[in-house]
Amino acid sequence: RGTLKWRDGRNHVGDFKEGLEHGFGICLVPRRSEDRYDCYKCHWYEGKMRGYGICEYGNDMVYKGYFKDNVRQGFGILENLSAEHPFKYTGQWENDKKNGYGVWEDKDRGERYIGTWLDDHRHGQGIVVTQSGVCYQRTFHADKMVGSGILLLEDDSVYEGNFTEELTFVGKGKLSFANGFILEGTFTNKSGQGLQTHGILNTSNEQLDERITKACHVMFCSQLGLDEFPVEKRWKGIYDQFLEFIHSGCKEETEESFMGFHIQTSKELRKSQEYLFCQRGTEDVSWKTEDILEELVQHQGLESLQNYLEKALKSSLHPLGKLLKALTIAFQATYSGIGANRHLLTMAQEEVKYYAKKIWEFYQGLLHLALEQKGQLPAKCVDGEISDQKACSVILPLILPCFYPELFMLYMLYHEREDDLYCQGIVDLSLFPDIKLLEFLDVQKHLWPLKDLTLTTNQRRSLIKDKCFLSATECLQKLITTVDPREKLVILQKTYEEIESTVSRVVEKDYKLPMDDLLPLLMYVVSRAKIQHLGAEIHLIRDLMDPTNQGGLYDFLLTALE
């Protein structure tokens, strides 16, 4: 360790090897025109910055990410903290410039750009999401919009054609209204005269229903970004670092250089170095790299593996936990706040599934290395389908809590309309006393649990509410207490068992409910449980449940609930 000072004011404190900066160091570089410094807290390799670092520039910008040969390279976040034009970029860097897939948030304009970059400019396909809820997809060339695009408006209208950054329609275009009307023609916008168009407005009743259905389909199925940004091409910079770490043999001294992204403050970065090289506490000994590899071999049975992975993914000291932290930061940068737009739901959902797949692959990579180091032959590679199933059944439930707030918000926005209708129905049905509701839903009279309607003085049985099937109702209400689709399905099964148990008690024998009896009873329980956003809950379970459950009892019960 040592300090090196240059005549031009540069100052480096850190580790050296054979006369060069090598290892962790802090370097102050004076800015020529101002009385300020750029401060680099970074890893160095043979005299050059390489690996993870945090740079606090003298102009109030901060970069947290990876370097190579003294320039920003790989995944990183650049944030302007000054009050003047605050922004944040999260994404790929190449040769010190924004290049590849990245997310830019302009806090002044209240906009977020999700898409591709070239030499610090938006270039290629991109999605822009605005604070007002409007979003559009366009092609960009050196920061300028080119060609036509698709603009999804907050009132459910869809415009296809050319438009400006101020979202003014220009030139040829087609505007599809939510009511099925279609306006097609040429749009102009002269100052002081508002929007003018020369074209055809189709309002005919002929095939109107078909057009409304089509318009709604376009609006609600306009899930953006799926073809433009294949999920495997997003966040390559995060995965590449982890792969390099595995390929390097998981050497402990290089771990933070490859896997440091979980550290987001300068103070923490300094501490983590002290922790790695000086102050290994006995309580954390199991997260030393050699111990991690040793322990991996011991936890290959399913239950043991799940317990181990749960602990590993929650720890910021385990490589898999560090990877998950970096992916969480990237996910929030895309889909939280302004990015909470229903047209990004499918993009977000497939991203979370892909995270699970990559984490399972990296676990396999670590296990492979651990077995090799013990002189054991790793098992032959399982085929892709089995690997995907493992990712879905083992990893997805463990990582879902990290992404659930943003993901469920997208589900709520996407299913808002049907959930509003459902809520209105629940409000209407809640006015019915128990007997009236059972009658209204066509529940067969011999299945009514009338003994549960305990009367108090001056009370009529026909007016009692919220007493029938109470255990099943309380069971179903637990659906919102967990984020894990597996646990939600178990709650649904228990609700079904509680309904069946109550009916068996009423008819005084074991009673297996046929579908004709189950549906009205399930409607009764759902209407009494009053679960908000039930549509969003059902679709989330359907999309993220273990594929091996498809076609089984869980699938049947979920369909009945739907």
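The values are calculated or read from the model by the stated rules, or taken from the named source; none is laboratory data. In this text the structure is predicted, and so the values were computed from the model without any measurement. Positions of Cβ are generated from backbone atoms using ideal geometry, with glycine treated the same way; all protein chains shown enter the neighbour counts. Heads up: the accessible areas ignore ligands, DNA and RNA and are worked out on the full protein's heavy atoms, side chains in. Shrake-Rupley method; radii C 1.70, N 1.55, O 1.52, S 1.80 Å.
Toward the positive end of the charge dipole of the chain, about the Cα centre and with charges on Cβ (Lys, Arg +1; Asp, Glu -1), which of I426, L293, Q125 goes farthest?
Projecting each Cα onto the dipole axis, the largest value belongs to L293.
In whole percent, how big is the carbon plus sulfur part of the accessible area of the chain, probe 1.4 Å, protein atoms only? Walk me through the numbers on the way to the answer.
Numbers: 14170 of 28000 Å².
Whole-percent figure for carbon plus sulfur exposure: 51.
Pairing the Cα long axis of helix 319-335 with the longest principal axis of the chain, what angle in degrees results, from 0 to 90 and rounded to the nearest 10?
70
Heavy atoms only, probe 1.4 angstrom, no DNA, RNA or ligands counted: give me E350, E537, E46 ranked by accessible area, highest first.
Details: E350 55, E537 5, E46 115 Å².
The ranking, largest first, comes out as E46, E350, E537.
Accessible area per residue of segment 521-562 at 1.4 Å probe, in Å²? Walk me through the intermediate numbers first.
Values: 1570 Å² over 42 residues.
Counting only protein heavy atoms, the per-residue value for segment 521-562 is 37 Å².
May I ask you to rank K97, K478 by accessible area, largest first, using a 1.4 Å probe over the protein chains only? Could you put the intermediate results ahead of the total?
On the way: K97 90, K478 110 Å².
The most accessible residue leads, giving K478, K97.
Report P(r) for the chain: all Cα-Cα distances, bin width 20 Å, range 0 to the bin holding the largest distance, values in whole percent.
17, 40, 31, 10, 1
Can you list residues from other chains, or at least 5 along the same chain, whose modelled amide H is less than 5 Å from the amide H of K288?
Correct list: empty.
Taking the Cα atoms only, what angle lies between the long axis of helix 416-429 and the longest principal axis of the chain, rounded to 10 degrees?
Taking Cα atoms only, the helix is inclined about 30 degrees.
At a probe size of 1.4 Å, how large is the accessible area of F181, to the nearest 10 Å²?
Its heavy atoms expose roughly 60 Å² to the probe.
Would you work out which of V146, T116, C135 lies farthest towards the positive end of the dipole of segment 107-148? Charges go on Cβ: Lys and Arg +1, Asp and Glu -1.
So the residue furthest toward the plus end is C135.
Please list H198, H343, H141, H22 from largest to smallest accessible area, probe radius 1.4 Å, with all protein chains kept in place. Walk me through the intermediate numbers first.
On the way: H198 150, H343 5, H141 105, H22 45 Å².
Reading off the accessible areas and sorting them downward yields H198, H141, H22, H343.
Sequence neighbours fewer than 8 away in the same chain don't count; with that in mind, list the aspartates and glutamates whose C-alpha is under 18 Å from K465.
Partners found: D428, D434, E439, D442, D452, E474.
Where does each of 115-122, 370-377 land if you order them by average Cβ count within 10 Å, highest first?
Values: 115-122: 18.8, 370-377: 12.1.
Listed from highest to lowest mean packing, they are 115-122, 370-377.
Quick one: dipole size for segment 390-448, taken about the Cα centre, charges +1 on Lys/Arg Cβ and -1 on Asp/Glu Cβ, in debye to the nearest 20.
Values: 4 positive and 9 negative charges, 63 e Å.
Computed charge dipole of segment 390-448: roughly 300 debye.
Once you charge only the Cβ atoms, +1 for Lys and Arg and -1 for Asp and Glu, what is the size of the charge dipole of segment 92-213 about its Cα centre, to the nearest 20 debye?
Details: 12 positive and 19 negative charges, 60 e Å.
Dipole of segment 92-213, to the nearest 20 debye: 280 debye.
Given charges of +1 on the Cβ of Lys and Arg and -1 on the Cβ of Asp and Glu, with all other atoms neutral, how large is the dipole of the chain about its Cα centre, in debye to the nearest 20? Write down the numbers at each step before the final one.
Values: 66 positive and 84 negative charges, 181 e Å.
That gives the chain a dipole magnitude of about 860 debye.
How large is the convex hull of the Cα atoms of segment 285-361 per residue, expressed in Å³ as a whole number?
Values: hull volume 7.4 nm³, N = 77.
Considering the Cα atoms of segment 285-361, their hull volume per residue is 96 Å³.
Modelled label-to-label distance, Q424 and Q298, 7 Å Cα→beta-carbon offset: nm?
6.1
Under a 5 Å amide H to amide H cut-off, with H placed in plane at 1.01 Å, what residues pair with E111 once short-range neighbours are removed?
D106
Apply the Kirkwood formula to segment 420-562: the hydrodynamic radius equals the inverse of the mean of 1/r over all pairs of different alpha-carbon atoms; give it in Å with one decimal.
15.9
Keeping all protein chains in position, work out how much accessible area Y511 exposes to a 1.4 Å probe, and write it in Å² to the nearest 10.
Accessible area of Y511: about 50 Å².
Compute the long axis of helix 208-221 from its Cα atoms, compare it with the longest principal axis of the Cα atoms of the chain, and write down the angle in degrees, 0 to 90, nearest 10.
Here the helix axis deviates by roughly 40 degrees.
Evaluate the Kirkwood expression for the hydrodynamic radius of segment 339-435, namely the inverse of the mean inverse distance over all pairs of different C-alpha atoms, and round to one decimal in Å.
Values: mean 1/r = 0.0595 Å⁻¹.
When all Cα pairs of segment 339-435 are included, the Kirkwood radius is 16.8 Å.
I need the shape label for segment 102-176. Rule: rounded when a/c is under 1.5, else prolate if a/b > b/c, else oblate, with a, b, c from the alpha carbon gyration tensor. Write down the numbers at each step before the final one.
On the way: a/c = 2.21, a/b = 1.33, b/c = 1.65.
Taking the square roots of the gyration eigenvalues as a ≥ b ≥ c, segment 102-176 is oblate.
Need one value: the accessible area of D510 in square angstrom, 1.4 angstrom probe, rounded to the nearest 10.
Counting only protein heavy atoms, D510 exposes about 150 Å² to solvent.
Once you've got the Cα coordinates, tell me which of K88/K233; K107/K311; K322/K478 are over 28 Å apart.
Working: K88/K233 21 Å; K107/K311 37 Å; K322/K478 32 Å.
Correct reply: K107/K311; K322/K478.
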